[in-house]
Amino acid sequence: MKNITFWLRFSVLNFLLVSVLGVLMRYKIAFSLPIVDQKHVQEAHSHFAFYGWITQIIYVLIIRYLVGILPERQLKKYQILLVINAVSAFIMIPSFVYSGYYWLSIAASTAALLTSFVFFFFLVRDLKGKSDLAKPWFIAGLFFAVISSAGVFMLSYMMMSGNVTQMLYLGSSYYYLHFQYNGFFLFSCIGLLIHSLRKIGAEISPKENNLIFWLMFFGCLVGFGLSVLYMKLPLWIIIAIILASISQTIGAIKIYQMVKRNWGHVVVHFSALQRFVLMYVGFAFFMKTLLQLGSNVPALSQFAFGFRNVVIAYLHLILLMCISVFLINHILATNVFKITKPVTRGLKLLLLGIFLNEAVLGVMGIFSIKYIAVPFAPEILLGVSLLMMFSLLLILVSLRKKST
């Protein structure tokens with residue numbers, strides 16, 4: 001990609017805008033800001049985080065992966081999709097902040113969703129007959145992005161019609177989030193990890209890759225049931241859900257074993273900070289897998305979905321500590337930018353901010369069991385959000401393209 005520098009820097013800018021919206025929400029919780037509707041800002045924050053930041057950078061990194069596989073003329077259509085997704089995402093911010101779900105915000109969300117459909121179609125068609133370890137991960141990730149849209153369409157229909165039922169609303173929300181977080185985002189990141197490991201000479205056999213893939217695929221496809229255990233489900237479905245969570249846990253263990261076996265290659269080719277980030281993300285992935293497995297216990301599942309702070313902590317664990325950190329590190333590992341002291345300082349501050357954010361949310365979640373409020377929690381979370389925003393700003397302004 002001739003304009004790879006622009007798209008990578010643009011993605012970091014989008015991550016910064018996500019953090020700005022996060023600061024706005026945290027400020028309104030800690031103090032008063034009557035002109036802002038909290039729910040509308042929250043909708044803008046979540047939609048732009050998904051489409052403006054994570055989806056956008058995944059598209060960019062997949063296109064970069066395709067550079068060595070497809071001729072340049074075949075890549076132009078993907079770059080058009082990048083522009084459409086970016087424009088749609090930027091329309092979401094003012095439209096959701098202005099009035100939440102209405103015709104313009106829904107139109108922008110629909111355009112971004114349809115872009116994922118087209119991206120998926122092009123990728124399947126263009127990679128047909130190609131053999132690569134990362135290929136099934138990227139295709140499956142986009143497949144999950146496509147099927148997650150059913151949840152959004154149902155939510156949009158309920159919002160527009162005014163016919164909202166609590167059970168269907170929660171089910172649709174969890175359906176969308178599950179196939180985005182555990183499907184599109186996670187599978188794409190695993191594909192990027194495997195591709196980067198292969199580039200540094202890691203030994204990963206097609207058989208091992210396929211085994212991990214199908215364990216994770218089955219776990220994700222059926223694992224949605226973990227989000228709706230509050231419904232009265234037949235015993236055979238509950239058994240299938242438990243098997244799916246076990247399947248995904250085994251897949252996660254095998255990913256750890258794969259990385260551990262090839263750690264010698266990682267030490268040689270990755271910097272100390274990059275290795276630390278890999279362990280940081282690995283810890284978040286471990287915690288996510290452990291909590292997901294534990295949610296098979298009815299009491300734990302009711303606790304997790306019954307307290308808002310716990311849900312927010314879990315979602316941030318995946319979205320920020322696992323997915324976002326992995327992607328921002330992958331941007332810096334592309335070898336496009338100079339890794340200067342301000343960039344590494346910004347990354348370290350971001351890691352600290354995200355860890356503190358998760359720690360505070362986790363403590364709030366635990367205390368909420370006894371309905372105990374953590375003193376000055378809103379102010380602390382605002383300070384943490386400002387730290388993350390500052391760290392991303394530092395990274396963005398410090399990015400300098402390597403001289404060729």
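We did not get these values from a lab; they are worked out from the coordinates using the rules stated. Please read all numbers here as calculations on a predicted model, not as lab measurements. A quick note on method: Cβ atoms are made from the backbone with ideal geometry, for glycine too, and the neighbour counts reach across all protein chains shown.
Between rounded, prolate and oblate, where does the stretch 109-258 land on the alpha carbon gyration tensor, with a ≥ b ≥ c its root eigenvalues, rounded for a/c under 1.5, else prolate if a/b exceeds b/c?
oblate
Pick from Leu211, Leu66, Leu393: which is most flexible by mean-square fluctuation in a GNM of the chain where alpha carbon atoms under 10 Å apart are linked?
Comparing Leu211, Leu66, Leu393 in a Gaussian network model of the chain, the most mobile one is Leu211.
Taking other Cβ within 10 Å of each residue's Cβ, how do Phe10, Phe184, Phe121 sort, fewest first?
If I rank by nearby Cβ atoms, fewest first, I get Phe121, Phe10, Phe184.
Please check: in the Gaussian network model of the chain (C-alpha springs, under 10 Å), which one of Ala244, Ala333, Ala140 has the largest mean-square fluctuation.
Ala333
Once fully extended, how much extra length lies between Leu315 and Ala150, figured as 0.36 nm per residue of separation less the alpha-carbon to alpha-carbon distance?
So the extension gain works out to 57.4 nm.
Putting +1 on Lys and Arg Cβ atoms and -1 on Asp and Glu Cβ atoms, find which of Leu387, Leu278, Asn296 reaches farthest to the positive end of the dipole of the stretch 271-404.
Leu278
Assuming R0 = 35 Å, can you tell me the calculated FRET efficiency for the pair Ile200 and Ile366, based on Cβ-Cβ distance, to the nearest 0.05?
After rounding to 0.05, the efficiency reads 0.30.
Give me Rg over Rh for the stretch 36-161, both radii from the alpha carbons and Rh done the Kirkwood way, two decimal places.
Result: Rg/Rh = 1.02.
Fully extended, how many nm does the chain gain between Lys341 and Phe90 (0.36 nm per residue separation, minus their Cα-Cα distance)?
Answer, rounded to one decimal: 87.3 nm.
At 222 nm, what value in deg cm²/dmol follows for the chain if DSSP H runs of at least 4 each add -39500 (n - 2.57) and the sum is divided by all its residues, to the nearest 500?
Theoretical 222 nm ellipticity from helices: -25500 deg cm²/dmol.
In straight Cα distance, which lysines are under 17 Å from Lys254, not counting same-chain residues fewer than 8 positions off?
Hits, sequence-local ones excluded: Lys207, Lys288.
By a straight-distance test (C-alpha under 22 Å), which lysines pair with Lys338 as possible cross-link partners, with residues fewer than eight away in the same chain excluded?
Filter leaves Lys2, Lys199, Lys348, Lys401, Lys402.
Looking at the chain as a GNM with Cα springs under 10 Å, which of His47, His269, His330 has the largest mean-square fluctuation?
Answer for the Gaussian network model of the chain: His269.
If you compute Cα extents along the principal axes in Å for the structure shown, which of (i) 54, 51, 40; (ii) 56, 44, 41; (iii) 68, 54, 39 do you land on?
(i)
What are the chymotrypsin sites (Phe, Trp or Tyr not before Pro) within the stretch 330-404 that DSSP puts in a loop, where the Cβ has at most 10 other Cβ atoms within 10 Å?
Qualifying residues, ordered by number: Tyr371.
Give, as a single signed number, the net charge of other residues whose beta carbon lies under 14 Å from the beta carbon of Leu351, with Lys and Arg counted +1 and Asp and Glu -1.
Local net charge: +2.
Does the stretch 271-404 classify as rounded, prolate or oblate by the C-alpha gyration tensor (a ≥ b ≥ c root eigenvalues; a/c under 1.5 gives rounded; else a/b over b/c gives prolate, otherwise oblate)?
It is oblate, given that a/c is not under 1.5 and a/b is not larger than b/c.
Between Val67 and Ala240, what length in nm is gained on full extension when 0.36 nm per residue of separation is reduced by their alpha carbon distance?
Result: 58.3 nm gained on full extension.
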